[in-house]
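**Student:** Dropping the structure in here first, questions after.
The values are calculated or read from the model by the stated rules, or taken from the named source; none is laboratory data. Just so we're clear, the structure is a prediction, and the values are computed from it rather than from any experiment. For neighbour counting, all protein chains shown are included, and Cβ atoms are generated from backbone atoms with ideal geometry for every residue, glycine included.
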Number of protein chains: 2
Amino acid sequence: MSKRQLSLNAFLMSTGHHVAAWRHPDVPAGAELDFGEYLKVARLAEAAKFDAVFVADGIAVGKGSNAAASGNFDTVAKTARASHLEPFTLLSALAAVTERIGLIGTVSTTYNEPYHLARKFASLDWISGGRAGWNQVTSNTPAEAANFNRDEHPEHALRYERAGEFLDVVKGLWDSWEDDAFVRDKASGQFFDPAKLHVLNHKGKHFQVKGPLNVARPPQGYPVLVQAGSSEAGREIAARSAEAIFTAHQSLESAQAFYADVKGRLARYGRRPEELKILPGILPIVGRTEEEARAKYQKLQDLIHPQVGLSLLSGMIGADLSGYDLDGPVPLDLPETNGGKSRQALLLDLAEREQLSIRELYLRIAGARGHWTVVGTGTQIADRIQQWFENGAADGFNVMPPWLPGGLEDFIELVVPELRRRGLFREEYSGTTLREHFGLARPENQYLPQRRQRAAS
Amino acid sequence: MSKRQLSLNAFLMSTGHHVAAWRHPDVPAGAELDFGEYLKVARLAEAAKFDAVFVADGIAVGKGSNAAASGNFDTVAKTARASHLEPFTLLSALAAVTERIGLIGTVSTTYNEPYHLARKFASLDWISGGRAGWNQVTSNTPAEAANFNRDEHPEHALRYERAGEFLDVVKGLWDSWEDDAFVRDKASGQFFDPAKLHVLNHKGKHFQVKGPLNVARPPQGYPVLVQAGSSEAGREIAARSAEAIFTAHQSLESAQAFYADVKGRLARYGRRPEELKILPGILPIVGRTEEEARAKYQKLQDLIHPQVGLSLLSGMIGADLSGYDLDGPVPLDLPETNGGKSRQALLLDLAEREQLSIRELYLRIAGARGHWTVVGTGTQIADRIQQWFENGAADGFNVMPPWLPGGLEDFIELVVPELRRRGLFREEYSGTTLREHFGLARPENQYLPQRRQRAAS
């Protein structure tokens, strides 16, 4: 296929993406801990030839909740987010029982060590035959800090500085071994060629890591590098080294501006625009008719407990809104947050533009956590996807099923065939690795140029 | 079955336990990175009704090698230990494609954070339906320290102090949720009962961890707690809280002394002797005749590169022996090591008792890394196992196949049926969790006594 193709990830989130999904009658109770349910969803996505499953993460209970931070879990107790499977264990288990679909896991650079992370992703890449991807985040809540020996989470700038150094170390560790270092010559007893082993010896501001990694270079060279921060610092890290960026936009215009800005930064790092996939989130609610779709959406919206909606909004906007009138206007003069900066600006912009009350705003975002919610028929949703894809707003999407597995089944049954009819999405996998699905080149080992130079001189 | 039963773990080590296993003609090249090969071995062990597979770990290349530490990997390059799959990813993948066998992974307390570890093991326990076990080690080499921001590894006493606190935190996190905390009441919107959530708020010398854990209490309460240090500090930690201890003994007498000592410590912690399983390592080389077994052993021994044998011995004994005559006596006045203390004493004792040269000692231990090597027929090996089992030396064994999968196939074909004939080993699993295989009780949540007290008053 020569026509540019959409990338589609299925965003796995236990019971589904809508905050009230767990109350939906079709969602199995306990799905958040049931590997069989995660597997069912991964197999649906694989049968539909999605590029990858995508798993979010956080390392605390009620991490976005101010009340929970001070010991009050009453609101968190009305959501299904407090307990779920951990990404490395989940994706490794999925690797054993899927064949082709990519496996993207979110892991924080703030509360991890690069050696552990490089090693686990390398191991996952070997187990899955080259299907691993790492969604790099920096964590942004005090609740997470408190689980890792800190009183406060580090400042935004410091987290991103650490993230940049972290990524350099991880890449250096993945390059510990040249691809053909392991000769395994039983006759001579030579298992590897020491000349093809490279000791990193990293000594930086945040890390001191000697190496080498005790796993061979991953089948993909590096697992696919995804980044999920859309702030200034996040964009710059993405432009420098990410291969896909997961982002949140409510409007075509906002997505286009982001797309142009991020793609425009690549040349400075000697990269071409197609080397970074831009993947906004989309929460699709699909019906056979528009009415059916609307009814499905309303059914979910009606299940949102007001306490949950308000708390979710407060967490996302980085300020406690519980003192305000639910049906009054959203206060626009909130203090700037040390957490997700880009998200706060996005929400305030939306509230101002559409003159939303606090309740209206939480109803708008509670479902999709600030992502793009599209309610309609398969054709209508395919139209919107095509519009974004062909007008400089997206290279593909992180599809966030409102509830699982039904919300994904709807998308696969009603939207995917329409995308195929338009020649926008594959009928069959053409490659076996996540890099191949995304159309990304396999990175060369950073030590090879030295070797070529030595060979030439 | 009322008769006391052996516990048997299959020690998975990529190409096999003998240091030259990878050169064996029947061992597939690249097995150390091939999930399919690990799975083949796990399925063999499961079909034979083993209690668990057991995975060792280290977090550096050539960690026991002084030469490697100073950048010379020539010796390490003659072994197959430099690259292999990581335990959490490997065991999670195995969990998805096995049904009953336990999954024990080694993870260090020195270079990890308790929140990450508690969470991954809880998740693995959920994915596997209660089959996870944690083999707790403290790491003991400078090569590992250098991968985690340190110039030197912490002292033995400090590592064990940290290990004790680490374990307390991990248990506290696993108890974050009472077993029935998640009510998932769709009608009212109550997902969990906050009264059954416990915030740890740990503030200790080594860790400050607030909690709660973002995974429900594991199916087993706690994954089975294994401990692998046999020093004074290791024994004390085992007596206080381990449920199985993996240990190395070359003789019945040494194993009996260890068994009596460790079991004798349990009462001080209010525990009964059967609450801690003592599992020495055994490297069995099995033939249909004694001659065949000897020939199999010799074939492997002949494949040991002298450079590898000497280096392995130096690493295990905690001193560089490369300056000594290979065929001269083992120097008995070595400085005490900060690494594995108990191992050094064991080796020096063996060398003195049997008047071994350095070459003889390395040939003796290179195969089994200080563990008990038994060469013989199925009946002969079953005799030795029964002798240890019935004479206060062992509750079972970590079976370390010399090469894989052949060495395990031999044991299963020739030794296991003999053990069954004697009524010492199960014909079928009677339970589904690792705790049930081991005959260990499910631990009660540490917050329950408080709750009962409140209910009574």
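**Student:** How many of the residues in the range B:47-71 are touching a helix residue (DSSP H, G or I) at 6+ places or on another chain (Cβ under 8 Å) and either facing another protein chain (nearest Cβ under 9 Å) or at pLDDT below 95 (or both)?
**Tutor:** Number satisfying all stated conditions: 13.
**Student:** Within the range A:45-71, can you find the residues that are in a loop (DSSP other than H, G, I, E, B), under 18 Å from the mean Cα position of the chain (by Cα) and not aromatic (F, W, Y)?
**Tutor:** To start, the set of residues in the range A:45-71 that are in a loop (DSSP other than H, G, I, E, B) comprises A:48-51, A:56-65, A:70-71.
Narrowing the set further to residues that are under 18 Å from the mean Cα position of the chain (by Cα) leaves A:50-51, A:56-60, A:63-64.
A:D51, A:A56, A:D57, A:G58, A:I59, A:A60, A:K63, A:G64, listed by residue number.
**Student:** What tally of residues in the range A:82-118 results from selecting those that are within 16 Å of A:V209 (Cβ to Cβ), surrounded by 24 or more Cβ atoms within 10 Å (Cβ to Cβ) and facing another protein chain (nearest Cβ under 7 Å)?
**Tutor:** The qualifying residues number 1.
**Student:** Would a scan of the range B:232-243 turn up a residue that is within 14 Å of chain A (Cβ to nearest Cβ), crowded, with 22+ Cβ neighbours inside 10 Å and at pLDDT 95 or above?
**Tutor:** Scanning the range B:232-243, I find no residue that is within 14 Å of chain A (Cβ to nearest Cβ), crowded, with 22+ Cβ neighbours inside 10 Å and at pLDDT 95 or above, so the answer is no.
**Student:** Same structure, new question: Output the residue which, of all residues in the range A:172-201 that are buried (at least 19 other Cβ atoms within 10 Å of the Cβ) and not hydrophobic (A, V, I, L, M, F, W, C), is nearest to the other protein chains (Cβ to nearest Cβ).
**Tutor:** This residue is A:S176.
**Student:** Separate question: Which condition does A:L124 not pass, out of (1) within 21 Å of B:G62 (Cβ to Cβ); (2) in contact with an Asp or Glu (Cβ under 9 Å, 6 or more places away or on another chain); (3) within 12 Å of another protein chain (Cβ to nearest Cβ), if it passes all the others?
**Tutor:** It fails just one condition, (1).
**Student:** Do we have any residue at all in the range A:85-100 that's under 22 Å from A:W22 (Cα atoms) and either free of Cβ contacts under 8 Å to residues at least 24 places away in the same chain or of a type in the set (D, E, K, R) (or both)?
**Tutor:** Looking through the range A:85-100, at least one residue is under 22 Å from A:W22 (Cα atoms) and either free of Cβ contacts under 8 Å to residues at least 24 places away in the same chain or of a type in the set (D, E, K, R) (or both).
**Student:** Further question: Please verify whether A:W134 is farther than 30 Å from B:L200 by Cα and facing chain B (nearest Cβ under 9 Å), treating the condition exactly as stated. Before you say what the answer is, go through the steps one by one.
**Tutor:** Numbers: farther than 30 Å from B:L200 by Cα: yes; facing chain B (nearest Cβ under 9 Å): no.
Spelling it out, it is not the case that A:W134 is farther than 30 Å from B:L200 by Cα and facing chain B (nearest Cβ under 9 Å).
**Student:** Another question, then. Does A:G204 meet the test of being surrounded by fewer than 23 Cβ atoms within 10 Å (Cβ to Cβ) and modelled with pLDDT of 95 or more?
**Tutor:** Spelling it out, A:G204 is indeed surrounded by fewer than 23 Cβ atoms within 10 Å (Cβ to Cβ) and modelled with pLDDT of 95 or more.
**Student:** Taking helices (runs of 4 or more DSSP H) that fall entirely within the range A:383-448, which contain at least 3 residues that are free of Cβ contacts under 8 Å to residues at least 40 places away in the same chain? Spell out how you get there, then give the answer.
**Tutor:** Working: elements: A:406-414, A:416-421, A:434-438.
It comes to A:416-421.
**Student:** Of all residues in the range A:86-115, which are part of a loop (DSSP other than H, G, I, E, B) and closer than 29 Å to A:E161 by Cα?
**Tutor:** Hits for the range A:86-115 are A:E86, A:T109, A:T110, A:Y111, A:N112, A:E113.
**Student:** Okay, moving on. Take the residues in the range B:11-44 that are within 19 Å of B:A95 (Cα to Cα) and part of a loop (DSSP other than H, G, I, E, B); name whichever of them is modelled with the highest pLDDT.
**Tutor:** B:D34
**Student:** When the residues of the range A:244-281 are filtered to those that are more than 18 Å from the chain's Cα centre (by Cα) and closer than 20 Å to A:D168 by Cβ, which remaining residue is surrounded by the fewest Cβ atoms within 10 Å (Cβ to Cβ)?
**Tutor:** A:G270
**Student:** If the requirement is being in contact (Cβ under 8 Å) with a residue 60 or more places away in the chain, facing chain B (nearest Cβ under 7 Å) and out of contact with any Ser or Thr (no Cβ under 9 Å at 6 or more places or on another chain), which of these qualifies: A:D26, A:D74?
**Tutor:** A:D74
**Student:** Can you pull out the residues in the range A:4-23 that are over 16 Å from A:M400 (Cα atoms) and surrounded by fewer than 24 Cβ atoms within 10 Å (Cβ to Cβ)? Reasoning before the result, please.
**Tutor:** First, the residues of the range A:4-23 that are over 16 Å from A:M400 (Cα atoms): A:4-5, A:23.
Once the filter is applied, which keeps residues that are over 16 Å from A:M400 (Cα atoms) and surrounded by fewer than 24 Cβ atoms within 10 Å (Cβ to Cβ), the range A:4-23 yields A:R4, A:Q5.
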